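Colleague: Have a look at this one.
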Amino acid sequence: MYSQFPWIEWATPWGVMILLAWLSAWGLARRRAAATGLDPSHVDLALPLAFILGAFLAGVLGDALVSERWLAGDALQLETRRRLYAVAAVMLPLLYAYSRWAGLSFRKLADTLAAPALVFMALARIGCLLAGCCFGGLSGHPELLANVADPALQRQLATVPVLAAFELPWALRFPAGSFAHGQHVALGLIPPDAPASLPVHPVQLYETLLLLILWAVVVGHRRCWRQPGSEALAVLAGYAALQFGLEFLRGDNLLVAGPLTLNQLFCLAAALLVAALLTSRYRTR
């Protein structure tokens, strides 16, 4: 929504929120480490190391991927989304390698970082709102979908038709030049000179609220996570379930398997991973 500060050129609202998200997650992880007997210096070293190397290696992997940069279907975000998954995929092995090198329990380290990661994502989504990315599907004006020739794109904008049947009081209209506005213009839903997009679900705010609720639940039930790694698995399962549901309200993600997006397929993979790990843990008792 606000891609740049009007008074400063080298910083963006999205960048400021990412910095705040990082500092908040780092501080919470240090406190959690100290509370569990883990030297906080491991957080100081492992987190920046894994993030920086993860971002670098993910960039190398991302350069090898073919980018499909077309506005109407994915609002130029596919390349960034792939890189984000690559960062996560690279960071976990790096954190595991660090735990082995430092003689730490990887499960304990994962528990230390899991809940702070939820806070990081919650604050990062506010940055997404300010940047106008990761926007929602239509909230109201379903009759305009007849202007979209591709049925897949119609379903993308209104995956759950009943949720697009009326305009919610809190629906957002993004200004001209935003991703949502560009998508709606490209699909013929609004004229090019329209001052704002059609109303869309503020899925970024939905996710921020739900992530903070999930964080509070996880932190409030820490006595239930008796075995090392249980808290991390609970966070992963909760995040996957949350993301899977919110994807039905997204308007920027391509549908790749019926009504499901690539994000939802990753969520299903994460759920299967959690189930496999829990099954393995139960069998080894």
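The values are calculated or read from the model by the stated rules, or taken from the named source; none is laboratory data. Quick caveat: nothing in here was measured; it's all calculated off a predicted structure. We place every Cβ from the backbone using ideal geometry, glycine too, and count neighbours over all the protein chains shown.
Colleague: Only one of these conditions is not met by Leu268: (1) in contact (Cβ under 8 Å) with a residue 24 or more places away in the chain; (2) outside any loop (DSSP other than H, G, I, E, B); (3) surrounded by 15 or more Cβ atoms within 10 Å (Cβ to Cβ); (4) touching a strand residue (DSSP E or B) at 6+ places or on another chain (Cβ under 9 Å). Which number is it?
Modeller: Among (1) in contact (Cβ under 8 Å) with a residue 24 or more places away in the chain; (2) outside any loop (DSSP other than H, G, I, E, B); (3) surrounded by 15 or more Cβ atoms within 10 Å (Cβ to Cβ); (4) touching a strand residue (DSSP E or B) at 6+ places or on another chain (Cβ under 9 Å), Leu268 violates only (3).
Colleague: Same structure, new question: So is Gly59 surrounded by fewer than 16 Cβ atoms within 10 Å (Cβ to Cβ), at pLDDT below 90 and part of a helix (DSSP H, G or I) or not?
Modeller: So Gly59 fits the description; yes.
Colleague: Taking the range 233-248 as the region of interest, how many residues are in contact with a Cys (Cβ under 8 Å, 6 or more places away or on another chain) and either of a type in the set (D, E, K, R) or surrounded by fewer than 19 Cβ atoms within 10 Å (Cβ to Cβ) (or both)?
Modeller: 2
Colleague: Looking at the range 191-216, which of its residues are of a type outside the set (Phe, Trp, Tyr) and under 20 Å from Ala237 (Cα atoms)?
Modeller: Val203, Gln204, Glu207, Thr208, Leu209, Leu210, Leu211, Leu212, Ile213, Leu214, Ala216, listed by residue number.
Colleague: Among all residue pairs at least 6 apart or on different chains, which show Cβ distances below 6 Å where the first residue, located in the range 246-263, is in contact (Cβ under 8 Å) with a residue 60 or more places away in the chain and the second is of a type in the set (Lys, Arg) and assigned to a helix (DSSP H, G or I)?
Modeller: Note: pairs meeting the criteria are Leu255/Arg155.
Colleague: Right, something else. I'd like the full set of residues that are out of contact with any Ser or Thr (no Cβ under 7 Å at 6 or more places or on another chain), among the aliphatic types (A, V, I, L, M) and under 12 Å from His141 (Cα atoms), limited to the range 160-185.
Modeller: Those that are out of contact with any Ser or Thr (no Cβ under 7 Å at 6 or more places or on another chain), among the aliphatic types (A, V, I, L, M) and under 12 Å from His141 (Cα atoms): Val162, Leu163, Ala165.
Colleague: Scanning for something in contact with a Ser or Thr (Cβ under 6 Å, 6 or more places away or on another chain) and part of a helix (DSSP H, G or I), does the range 36-56 turn up at least one residue?
Modeller: No, every residue in the range 36-56 fails to be in contact with a Ser or Thr (Cβ under 6 Å, 6 or more places away or on another chain) and part of a helix (DSSP H, G or I).
Colleague: Which members of the range 249-262 meet the condition of being crowded, with 19+ Cβ neighbours inside 10 Å and part of a helix (DSSP H, G or I)?
Modeller: Leu249
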